[in-house]
Amino acid sequence: MSMHQVRYDRGPNGHLKAWLCPEWDRIRLRKCADIVQDPFGGEARDRVGGSDLVFWEFMVGPVLVTVHLEQHVGIALLANDPSPASEALVRQIDEHMLAHTDL
């Protein structure tokens, strides 16, 4: 399945969440993580994983972002604070994934 658009919403804490892909497999999750790490210079900080839910946190400059996989829901990228800089970075990464990745 190819990604044609990113769906945005807000988590309960008001932070921007960009749903990148409705699929929830770990290969696609790894593709997303690689993009955050390589073109955006993200430094992996923490990874919490289980069979139904995975969170992978990265520092991208001064901004903490999370790549989130939830079984039967999809893969999302989210800002870990509501600042304009964090939200702008999430949108920039999303747009890059949309343009350069076949998820």
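The values are calculated or read from the model by the stated rules, or taken from the named source; none is laboratory data. Worth saying up front: this structure is predicted, and the values here are computed from it rather than measured. All Cβ positions, even for glycine, are placed from backbone atoms using ideal geometry, and neighbour counts span all protein chains on display. These area figures cover heavy atoms from the full protein model, side chains too; ligands, DNA and RNA do not enter into them. Shrake-Rupley method; radii C 1.70, N 1.55, O 1.52, S 1.80 Å.
Here are a few things to note about the model shown:
- Those residues of segment 12-37 which are closer than 17 Å to L89 by Cα and either of a type in the set (A, V, I, L, M) or within 14 Å of the chain's Cα centre (by Cα) (or both), in sequence order: H15, L16, K17, A18, W19, L20, C32, A33, D34, I35, V36, Q37
- Qualifying positions in segment 16-40 - among the basic types (K, R) and open to solvent by 70 Å² or more (accessible area, probe 1.4 Å): R26, R30, K31
- Only one of I93, I75, I27 that is out of contact with any strand residue (DSSP E or B) (no Cβ under 7 Å at 6 or more places or on another chain) and of a type outside the set (S, T, N, Q): I27
- Taking segment 56-84 as the range and being under 12 Å from R26 (Cα atoms) and in a strand (DSSP E or B) as the test, the residues that pass are W56, V67, H68, L69, E70, G74, I75.
- Contact map, segment 86-103: residues that are closer than 16 Å to G42 by Cα paired with residues that are among the small types (G, A, S), Cβ distance under 6 Å, separation 6+ or inter-chain. Pairs shown: S86/A79; E87/A79; V90/A18; V90/A79; D94/A18.
- Here E57, E70, E43 are screened, and the one residue that is surrounded by fewer than 18 Cβ atoms within 10 Å (Cβ to Cβ) and touching an Asp or Glu at 6+ places or on another chain (Cβ under 8 Å) is E70.
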